[in-house]
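What follows is one structure encoded as structure tokens, with my remarks underneath.
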Amino acid sequence: MEVIESRKQMQERAESLRLAGHTVALVPTMGFLHEGHLELMKVGKRHSDKLIISIFVNPTQFGPSEDLGKYPRDTEGDLEKARKVGVDFVFLPSTQEMYPEGYQTRLQVERVTQHLCGISRPGHFEGVATVVAKLLNITKPHMAIFGQKDFQQLTVISRMVMDLNMDIQIIGVPTVREPDGLAMSSRNKFLSPEERESALSLRKSLDLAGEMFMEGERGARVIKKAIESLILSHPHTEIDYVTLCDPVTLEDVETLTDETLLALAVRVGTTRLIDNRVLCKGSDQIISRS
Ligand code: AMP
């Protein structure tokens, strides 16, 4: 496994991989790797013969009052995990390498960023779209793998790739969970044991909504109310949003259709957690988009 810090060197390596006829996959991450990230890498390996991951805590996607300074990092541990999964290249740039003196370009995906996390995290998806576009230009992959846990991010990137005619397949991977159902997240490490218990209210909300949907409930307001009281019955919880929306446009719906996205953002203590599920007849997750 080769670790590359320079964007120029990464571009040269990526170019030679392509010239040699390899199929290249990229898994972008912010590090502090867990089983969710590793699953993305395993999917990447299955679909390609050269796997690049990036580890970069991107400052431009954090708001001024957000947790950039305390975002967890463990480069040595990450490299060990990546090596075990069989990653070929780790792109590990510094902030200076990604945003050198004079940098002034930001990419805006319009409508799908105006809902869900876009409301409470203004500018977040501009930062995400910009850094992902840069990473795609640096690593030149045929495909890039993202988690459905960050459903809106996956939507934004899919839209960007489509709108800018980038010749890259975007693959979405279902959320990897702890045995008790908590969605894996680098931020889970901030939860105290009591908060960890309250954090299960997100997974319980998805289950409750799934049951109500299966029993025929289609009123968004009814489901939302039931979820809000479930979450707030747990200590240390503060709801950012509980939204039932169209899984493509992310616009709110009043009446659930045969495929509706339930998306949640909840602060548990000081840790902001997100989770989601597509409520639909038959399967409850969308497997792949391109
Ligand atoms: P992050 O390091 O949090 O920016 O995440 C990097 C990638 O891993 C993103 O595509 C996330 O959606 C994905 N990811 C994070 N947590 C999970 C999870 N529990 N299951 C699947 N994918 C995940």
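Annotations for the structure displayed:
- Selection from region 146-191 of residues that are within 26 Å of residue 231 (Cα to Cα), more than 9 Å from the ligand (Cβ to nearest atom) and among the basic types (Lys, Arg): 189
- Any chance residue 225 is farther than 30 Å from residue 53 by Cα and either open to solvent by less than 80 Å² (accessible area, probe 1.4 Å) or in the same structural domain as residue 70 (by TED's automatic domain parsing) (or both): no
- Of all residues assigned to region 238-249, at least one qualifies as being at pLDDT 95 or above and within 16 Å of the ligand (Cβ to nearest atom).
- Residue 88 vs. criteria open to solvent by less than 60 Å² (accessible area, probe 1.4 Å) and of a type in the set (D, E, K, R): yes
- Subset of region 118-148 [of a type in the set (S, T, N, Q) and either more than 24 Å from residue 14 (Cα to Cα) or out of contact with any helix residue (DSSP H, G or I) (no Cβ under 7 Å at 6 or more places or on another chain) (or both)]: 120, 137, 148
- Selection within region 67-79 - modelled with pLDDT of 95 or more and surrounded by 13 or more Cβ atoms within 10 Å (Cβ to Cβ): 68, 71, 72, 73, 74, 75, 78, 79
- Each residue in region 172-208 was checked for being in a loop (DSSP other than H, G, I, E, B) and in contact with an Asp or Glu (Cβ under 7 Å, 6 or more places away or on another chain), and 2 of them qualify.
- Any hit, region 149-160, residues being touching a residue at least 60 places away in the same chain (Cβ under 8 Å), touching a helix residue (DSSP H, G or I) at 6+ places or on another chain (Cβ under 7 Å), among the hydrophobic types (A, V, I, L, M, F, W, C) and not assigned by TED's automatic domain parsing to the domain that holds residue 264: yes
The values are calculated or read from the model by the stated rules, or taken from the named source; none is laboratory data. Everything quoted here is computed from the prediction, not taken from an experiment. Here Cβ is always computed from backbone atoms with ideal geometry, including for glycine, and neighbour counts include all displayed protein chains. Protein only, heavy atoms only, side chains kept; ligands, DNA and RNA dropped before computing areas. Shrake-Rupley method; radii C 1.70, N 1.55, O 1.52, S 1.80 Å.
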